[in-house]
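Working notes for the structure below.
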Amino acid sequence: MSAFPIFRLPEVLNPVITTHQRHGFNRPKFPVSRCCMRNPAETRRNGGNYYELLGVSVDSNFKEIKESYRKLQKKYHPDIAGQEGHEHTLLLNEAYNVLMKDDLRKDYDASIGHVRVGFVGDSLDMGYSSWNGPFRPQALFVDEKACIGCRECVHNAHNTFIMDEIIGCARVNVQFGDDDTSIEVAVDSCPMNCIHWVEREELAILEYFNIPRPKQGHGVFGQGWERPQNVFMAAKTFQKQQQSQSQQKNVRCDVEQETEAQAQARESASLKLEMEKFSGLWEWVKKISAF
Amino acid sequence: MSQEQVYTVASDSDTTGDERSSAPFPEIAIGIDIGTSQCSLAVWNGSQVELIRNTRNQKLMKSYVTFRDESPVGGVSDQLSHEYEMLSGSSVFNMKRLIGRIDTDPIVSQASKTLPFLIQTLGIGVKPFIAALVNNMWRSTTPEEVLAIYLVELKALAEVGVKRPVRNVVLTVPAAFSRFQLTRISRACAMAGLHVVRLMPEPAAVALLYAQQQQLSVHDSGSEKVALIFNMGAGYSDVAIIVTAGGVSQMKGLAGSTVGGEDLLQNTMHYLLPNMENLFPNKIKSMGVLRVAAQDAIHKLSSQSKVQIDIDLGNGIKICKIIDLEEFEEANKEVFEKCASLVTRCLQDSKVNVEHIDDVILVGGCTNIPKVKNMVMGICKKNKIYPGINPLEAAVRGAALEGALAAGVNDPLGSLDLLTIQVNAHSIGIRANRDSFVPIIARNTTMPARREVVFTTAHDHQTEALIVVYEGDEEVVEKNYLLGYFKVVGIPLAPRGKPEINVCMDIDASNLLRVMVGVLMPGEQNPVVPPLEVRMPTADDGNGLTADVLNRSFGSTLDLVTLHNKMSR
């Protein structure tokens with residue numbers, strides 16, 4: 001993205017286009033691109049969200065985006081809708097191009113996350129951080145149970161941390177959204193020392209346990225929101241459970257005296273199963289957080 | 001923003017722009033495939049695509065025009081007594097290879113040595129002199145004129161076929177065509193009284209046909225299929241990679257090159273008679289004989305391993321040779337390598353893994369050659385060609401489908417619920433950083449597209465900048481096609497590198513190119529000069545001298561350099 005987009009993409013969100021309009025030789029005058037300098041975030045807010053444009057949810061997968069894109073193209077493509085479809089199709093192509101590429105989509109997610117800070121309540125489903133740039137071995141994690149909501153970290157590295165105004169604590173919105181020094185300052189500035197460097201692999205589990213979940217109540221009693229007392233312990237226990245389960249399976253396998261190849265096949269199969277289980281969990285987690 | 005004025009500059013050489021509107025037409029357009037060697041016509045008859053046959057019951061008609069005393073006759077209705085008559089000097093053919101080319105083009109100079117009519121090249125970047133022999137006098141002509149004469153006959157044939165006047169047509173064109181070549185095709189149609197509704201790249205037409213077949217056979221609209229289309233005709237080769245689901249085919253990559261059966265033919269002629277250029281006193285007749293023999297040999301080598309050639313070229317020159325498959329493949333090694341690199345480049349560009357390709361579709365006459373077939377199948381690691389498509393009729397059938405689609409025809413069975421989302425085959429950009437070509441809309445960008453790149457001045461206190469727009473994929477700017485140029489004035493006095501010159505390009509679905517330029521000073525909110533919007537010319541002035549003259553007159557004084565060396569999204 002260039003720093004100063006003069007010619008913005010047109011702001012056509014839902015143009016009323018009747019298909020198969022016949023306008024013969026009278027080509028409509030081109031909408032002239034206006035020249036103005038707005039910051040990209042503002043442009044996006046006015047130009048509409050790419051997800052809304054394509055009619056997909058924020059966590060939709062490539063397949064859903066593709067299907068939706070094709071459906072919309074059938075309606076708005078200039079080959080079908082005539083010249084009026086031009087501007088809208090430009091937007092669709094742009095949105096598709098961004099959302100179908102992992103790196104571009106992450107950048108875009110980060111940039112709309114930025115816009116979302118203003119909307120109180122919206123941030124509730126933002127429990128998971130996105131990445132700015134390539135993955136690194138370590139990631140930032142805020143233990144929200146310990147956070148007192150002092151805003152120090154948000155002040156020092158506002159592209160990385162955001163404030164959840166409802167819960168009243170900070171959290172990581174974009175991993176490495178700022179340069180390394182301001183992140184370091186932000187980490188050091190925390191009076192509760194609740195900003196942790198964690199392994200990237202652990203991040204997802206930690207963030208999952210970090211989000212308050214509705215508690216099953218009995219009648220009118222005991223309902224509410226809860227999260228583990230110690231999120232690190234909870235994550236560790238979860239991992240241990242996973243490991244012991246797979247070990248148990250292995251033990252059972254050993255009893256049956258198999259060839260090496262068989263053992264290997266079993267091993268990989270059980271590993272795969274475990275992975276599927278895990279990814280299944282993630283699908284579920286995502287669904288929950290999408291509400 | 002109301003105080004800003006916006007100047008829109010429309011090109012005066014743009015004669016076809018308004019007519020090329022992509023509006024749907026009530027009249028069903030006829031699909032025409034103009035091949036370098038053969039042409040065909042097809043139309044949507046209400047339930048399916050039907051090919052129109054000529055009076056001799058042919059679906060494929062030879063593309064040539066014979067000039068005679070009275071009036072020229074094209075290959076649609078003409079009855080040739082013998083193939084040699086076509087090669088007597090009075091017939092002009094290979095129009096598609098020659099159209100819109102200047103005489104410094106290697107294709108033209110090669111053609112001048114091997115075609116049995118007059119092509120003279122001066123090598124100075126002007127139109128070549130093309131003429132046919134009529135009663136021992138050379139009658140000069142142009143590829144457009146020849147094409148128009150031929151199209152008039154096709155039009156008459158179509159009118160007989162559909163029993164109504166025909167005006168609207170959809171034409172297939174090679175992906176390698178430049179914008180100006182496309183305009184020349186449109187003009188040839190206009191000369192013949194035809195209105196071009198769409199010019200679609202040949203693989204796009206095939207993609208449409210494939211999407212229709214997939215939609216009718218696969219009922220689950222969610223499943224998508226990846227196909228590689230390789231088209232090699234007499235004049236051009238194209239490759240496209242498409243992803244199809246639910247009647248929509250999305251192009252992932254498109255590449256084209258001027259390499260085709262004509263090259264094979266020329267190489268084979270050379271192989272048979274290495275010093276043929278300076279051998280003949282009565283050039284044309286011998287060349288005709290040699291051409292027929294070589295063509296015949298190539299055809300036979302598709303099915304047998306060796307072929308006997310026994311011809312008398314007159315003047316005491318006789319060729320008596322046996323040419324086998326190996327020799328033929330060795331003589332044309334370069335051609336096959338070019339085809340292979342075209343396919344690999346397209347695969348790389350589209351970032352599609354060979355393993356994900358479901359179908360390989362081969363179209364065009366040259367895909368009958370075993371070497372070509374094996375090459376494409378080898379690269380794609382497939383051993384079965386997609387069977388549902390006739391290689392010689394696919395393009396014209398696709399064009400006829402598009403003709404029905406553009407007219408807004410609805411088919412109750414849903415077999416016209418189709419769309420091809422195309423990409424552009426060539427990058428479009430401007431000259432900057434001295435002599436390099438900086439693409440603004442890169443090739444294989446989904447159309448319609450709009451992109452921008454920020455440039456800056458190359459010199460201190462530079463107040464003007466020349467925007468020279470090129471089309472092509474070469475890094476050195478001269479190797480690309482010059483599309484046009486204009487000047488940006490009123491850049492404030494500033495050290496070099498300060499002003500930001502924002503160049504934005506926009507291509508719409510009817511392939512019209514607009515360039516918009518705005519000048520900004522850092523820190524200021526509004527552009528210093530009103531943004532300039534230019535609709536680029538669609539036709540050239542017929543010579544290739546412009547770039548040289550621009551260079552001589554201005555040197556680097558009006559140059560630009562890239563500021564953000566990054567494409568904007």
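The values are calculated or read from the model by the stated rules, or taken from the named source; none is laboratory data. Only a predicted model underlies this, so the values are computations on that prediction, with no experimental measurement involved. So basically every Cβ, Gly included, is an ideal-geometry build from the backbone, and we count neighbours across all protein chains shown.
So the values come out like this:
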item: Inter-residue pairs, beta-carbon under 7 Å, first farther than 22 Å from residue B:416 by Cβ and hydrophobic (A, V, I, L, M, F, W, C) and in region A:76-91, second at pLDDT below 80 and not in a helix (DSSP H, G or I), 6+ apart; result: A:90/A:9; A:90/A:10; A:91/A:9; A:91/A:10; A:91/A:12
item: Selected residue (only one of B:311, B:319, B:361, B:323 is under 30 Å from residue B:275 (Cβ atoms) and at pLDDT 90 or above); result: B:323
item: The listed residue being over 25 Å from residue B:190 (Cβ atoms), surrounded by fewer than 22 Cβ atoms within 10 Å (Cβ to Cβ) and hydrophobic (A, V, I, L, M, F, W, C), out of B:152, B:126, B:134; result: B:134
item: Sole exception among (1) within 14 Å of chain A (Cβ to nearest Cβ); (2) in contact with a Pro (Cβ under 6 Å, 6 or more places away or on another chain); (3) of a type in the set (D, E, K, R) for residue B:460, by number; result: (1)
item: Per-region count, region B:26-51, residues more than 11 Å from residue B:197 (Cβ to Cβ) and either outside any strand (DSSP E or B) or touching a Pro at 6+ places or on another chain (Cβ under 8 Å) (or both); result: 8
item: Residue in region B:487-515 that is nearest to the other protein chains (Cβ to nearest Cβ), counting only those that are outside any loop (DSSP other than H, G, I, E, B) and within 26 Å of the chain's Cα centre (by Cα); result: B:504
item: Of all residues making up region B:517-526, the number that are in contact (Cβ under 8 Å) with a residue 24 or more places away in the chain and either more than 10 Å from chain A (Cβ to nearest Cβ) or crowded, with 20+ Cβ neighbours inside 10 Å (or both); result: 3
item: Selection within region B:375-422 - among the aliphatic types (A, V, I, L, M) and within 10 Å of another protein chain (Cβ to nearest Cβ); result: B:405, B:406, B:407, B:409, B:418, B:419, B:421
item: Number of positions in region B:181-202 that are in contact with a strand residue (DSSP E or B) (Cβ under 7 Å, 6 or more places away or on another chain) and either among the basic types (Lys, Arg) or touching a residue at least 60 places away in the same chain (Cβ under 8 Å) (or both); result: 11
item: Strands (runs of 3 or more DSSP E) (entirely within region A:129-200) containing at least 3 residues that are in contact with an Asp or Glu (Cβ under 8 Å, 6 or more places away or on another chain); result: A:138-142, A:169-172
item: Failed criterion for residue B:540 (all others in (1) surrounded by fewer than 18 Cβ atoms within 10 Å (Cβ to Cβ); (2) more than 12 Å from every other protein chain (Cβ to nearest Cβ) hold); result: (1)
item: Sole exception among (1) surrounded by 15 or more Cβ atoms within 10 Å (Cβ to Cβ); (2) over 28 Å from the mean Cα position of the chain (by Cα); (3) at pLDDT 90 or above for residue B:336, by number; result: (2)
item: Residues located in region B:344-372, provided they are assigned to a helix (DSSP H, G or I) and charged (D, E, K, R); result: B:345, B:349, B:355, B:371
item: Enumeration of residues in region A:59-108 that are assigned to a loop (DSSP other than H, G, I, E, B) and either at the interface with another protein chain (Cβ under 10 Å from one of its Cβ atoms) or acidic (Asp, Glu) (or both); result: A:59, A:77, A:82, A:83, A:84, A:101
item: Sole residue being more than 20 Å from residue B:214 (Cα to Cα) and of a type in the set (Val, Ile, Thr), chosen from B:363, B:307; result: B:307
item: Any hit, region A:10-33, residues being modelled with pLDDT of 50 or more and facing chain B (nearest Cβ under 10 Å); result: no
item: Count of residues meeting criterion [in contact with a helix residue (DSSP H, G or I) (Cβ under 6 Å, 6 or more places away or on another chain) and not small (Gly, Ala, Ser)] in region B:484-511; result: 1
item: Answer residue from region B:147-184, given it is in a helix (DSSP H, G or I) and farther than 22 Å from residue B:59 by Cβ and is farthest from the chain's Cα centre (by Cα) among those; result: B:148
item: Flag if residue A:55 is under 21 Å from the mean Cα position of the chain (by Cα), outside the structural domain of residue A:179 (by TED's automatic domain parsing) and modelled with pLDDT of 80 or more; result: yes
item: Flag if residue B:475 is of a type in the set (Asp, Glu), within 29 Å of residue B:100 (Cα to Cα) and either away from chain A (no Cβ under 14 Å) or surrounded by fewer than 20 Cβ atoms within 10 Å (Cβ to Cβ) (or both); result: yes
item: Residue ID - surrounded by the fewest Cβ atoms within 10 Å (Cβ to Cβ), chosen from residues in region B:454-472 that are more than 20 Å from residue B:507 (Cβ to Cβ) and of a type in the set (Ser, Thr, Tyr); result: B:463
item: Residue in region B:444-457 that is more than 14 Å from chain A (Cβ to nearest Cβ), in contact (Cβ under 8 Å) with a residue 60 or more places away in the chain and either in a loop (DSSP other than H, G, I, E, B) or hydrophobic (A, V, I, L, M, F, W, C) (or both) present; result: no
